[in-house]
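Enquirer: Let me give you the structure first, and then I'll get to my questions.
No value in this document is a laboratory result; all are computed from the given coordinates. Treat the numbers as computed from the prediction; the structure is a model and nothing was measured. So basically every Cβ, Gly included, is an ideal-geometry build from the backbone, and we count neighbours across all protein chains shown.
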Amino acid sequence: MALREQFTASLKEAMKSGDKLRLSTIRLITSSLKDREIEARGSGKEVGEDDILALLQKMVKQRQESLKIYEEAGRTDLAEQERGEIAVITTFLPQQMDEAEVSAAIDAAIAATGAAGIKDMGKVMAFLKEAHAGKMDFGKASAAIKAKLA
């Protein structure tokens, strides 16, 4: 099932069950997606599944940053809200790769692109983003790539 269809089905399900947190979070997702589509329409591009996955990952990262701030400030009520939103958003993301899988994917990408040094890092990242969109934290992968190419 396509992600857009999953959002619609989950939205209906949350309405029927009265799950307010899930309902509001899915509405946030669809709102962000519509904003992204409007932005893309202006440049003549179309929003694909990879773009939606990137949007969801960005939303999770934003909430993780907010969660950290709320916990440091002692705002447990807001921290719980963020945890709940993260849980809902991650249900739409594919299973994340563990460290061993990420390392193996990086090794395969280095071999496939013929990367020899740091200057080839962009090629490796592009290869990984195309092959593993939504399944890998590219911030952490970037550091691992840099270490392997150094």
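Enquirer: Any idea what the relative contact order of segment 99-149 is, in percent, if you count C-alpha pairs under 8 Å spaced at least 6 apart?
Expert: Dividing the mean separation by the residue count of segment 99-149 yields 43 percent.
Enquirer: Right, something else. Show me, bin by bin at 5 Å from 0, the whole-percent P(r) of the chain based on Cα pairs.
Expert: That works out to 2, 9, 15, 16, 16, 15, 13, 9, 4, 2, 0, 0, in percent per bin.
Enquirer: Between 115, 73, 133, where does the largest GNM mean-square fluctuation fall for the chain, given springs only between Cα atoms within less than 10 Å?
Expert: Comparing 115, 73, 133 in a Gaussian network model of the chain, the most mobile one is 73.
Enquirer: Loop-only check: which GluC sites (Glu not before Pro) in segment 5-60 are DSSP coil with at most 15 other Cβ within 10 angstrom?
Expert: When the GluC sites (Glu not before Pro) of segment 5-60 are filtered for loop state and at most 15 Cβ neighbours within 10 Å, 46 remain.
Enquirer: Can I ask one more? Enter the mean projected area of the convex hull around the alpha-carbon atoms of segment 99-149, in nm², rounded to one decimal.
Expert: That works out to 2.9 nm², a quarter of the Cα hull's surface.
Enquirer: Still on this structure, please answer the following. Mind checking which of 103, 43, 17 has the largest fluctuation in a GNM of the chain, springs on alpha carbons under 10 Å?
Expert: So, out of 103, 43, 17, the one fluctuating most is 43.
Enquirer: Next up: Less than 14 Å Cβ to Cβ from residue 134, Lys/Arg counted +1 and Asp/Glu -1: what total charge do the surrounding residues give?
Expert: -2
Enquirer: Could you calculate, for segment 3-90, the ratio of the Cα radius of gyration to the Kirkwood radius, expressed as Rg to Rh?
Expert: Taking Rg over the Kirkwood Rh, I get 1.03.
Enquirer: Still on this structure, please answer the following. If you fit an axis through the alpha-carbon atoms of helix 76-90 and take the longest principal axis of the Cα set of the chain, what angle between them do you get, 0 to 90°, nearest 10?
Expert: Roughly 60 degrees between the two axes.
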